1. What is the Cα coordinate range of the chain on the first, second and third principal axes, sorted by size from largest, in whole angstrom?
2. Along each principal axis of its Cα atoms, how long is the stretch 158-281 end to end? Whole angstroms, biggest number first, please.
3. Sequence-distant or interchain residues sharing an amide H contact under 5 Å with residue 96, placed H: which?
4. Taking the Cα centre of the chain as the origin and placing charges on Cβ (Lys, Arg +1; Asp, Glu -1), which of 108, 209, 144 is farthest toward the positive end of the dipole?
5. Counting other C-beta atoms within 10 Å, and keeping those with at most 14, which DSSP coil trypsin sites (Lys or Arg not before Pro) do you find in the stretch 200-275?
6. Might you report the magnitude of the Cβ-based charge dipole of the chain about its Cα centre, with Lys and Arg at +1 and Asp and Glu at -1, to the nearest 20 debye?
7. Are there GluC sites (Glu not before Pro) in the stretch 274-352 that DSSP marks as loop and that have at most 10 other Cβ atoms within 10 Å, and which are they?
8. How about the stretch 23-115: which GluC sites (Glu not before Pro) there lie in a loop by DSSP and see at most 15 other Cβ atoms within 10 Å?
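The numbers here are math on the coordinates, done by the rules we state, and not lab data. Nothing here was measured: the structure is a model prediction, and the numbers come from that model. Here the Cβ positions follow ideal geometry from the backbone for every residue, glycine too, while neighbour counts run over all protein chains shown.
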Amino acid sequence: MTIMKLATTTAMAVLMGSAAFAQQSITVNIGSSHPEANIWVYAMKNTFQPEVNRILEANGNEYQVNWVENYAGTLYKFTDTREAVMDGIVDVGMVGTVWEGANMPLQNVTYFTPFATEDHRMIIEIFDDLSESLPELKDSWAENGMVHLSSLITDSYDIYATFPVNTMADLQNRKLNAPGTSANWLRDTGATPVDGALTTYYTNIQTGVTEGTLSFASGILPTRVYEVAPELSRVGIGSMYFGGIAANKDVFDSLPAPVQEAFREAAQATSKAHGDYVADLAARALEEMQAAGLTVHQMPEEEKAKWVNGLPNIVEPWLEQTGEAGKTVLKAYFAALEERGAEPLRNWAEGL
């Protein structure tokens, strides 16, 4: 099923005297489960869409994309991002693979290997590359009826809570929102993970369902979670590959080649802009949240080491689930980190 309607309209204009040209108009439904202020949706709305338009115009204006926007969960919620793109509810959308541990487990490799790097631009670069060059990842998108266009990431995860975390003992008997596979980061810490998303944290903490969340500055600021979780503990769990901007595969394959290429080029620009935006927003978020009353704590390195070294081998169940494909992805990811000079606090690929 696809909502995209390909219609040809003839626009008459005077070119080089009195020549007429035909322009093909393509309607593309684009959407997300999150609002435009969200870091991932911001990348779609403010870079991907206008960049596609700019490229097509620069290439002779033979094709024009008419965008039908369905942001802020107007068509589907955060638990349904894969189905929304796969089933053609939208033609292009934000796909949160973090919530797709059963259907797209390979994409969740960063969530099973915490404390690897806090450099979110590095994560974008690595997964833009691997999603195209590594068959295991590229084929996974295709098998789910999608084409990966641009990587979406988070800045580094820390703890936003009603209490400070200075030692591992401070986590005992606490309830923290930890979305999807990030619940693994709390294994053997004494804390209890509770599933959720940026759209649910505020209410969860306000009503006492949880006492805080594992999250990142660029997501906490626009959702104002710091109002109910005024203690930030910098623990440096790391930046994560969250998912991607993806197109419905049938829709993408039906597009004229110049439009496909415009999507690809725009996706590259979106990755760069996304990295820059997240860096700027994360820095500004910390300033604004502290001005509003957020207190920042830094977990000592020895306590951080206790955390990461005290975790069980959380990547092992993921490897059992994903088999040889998972081993290939894990080795490729850690090789890419090493090539770029990252120094993970724990080598989760050791022994493979």
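1. Its Cα atoms span 78, 47, 35 Å along the three principal axes.
2. 57, 29, 25
3. 81, 82
4. 209
5. Working: sites: 224, 234, 249, 264, 272; in loops: 224.
Qualifying residues, ordered by number: 224.
6. On the way: 22 positive and 45 negative charges, 102 e Å.
Roughly 480 debye, rounded to the nearest 20.
7. Listed in order of number, the matching sites are 350.
8. When the GluC sites (Glu not before Pro) of the stretch 23-115 are filtered for loop state and at most 15 Cβ neighbours within 10 Å, 36, 62 remain.
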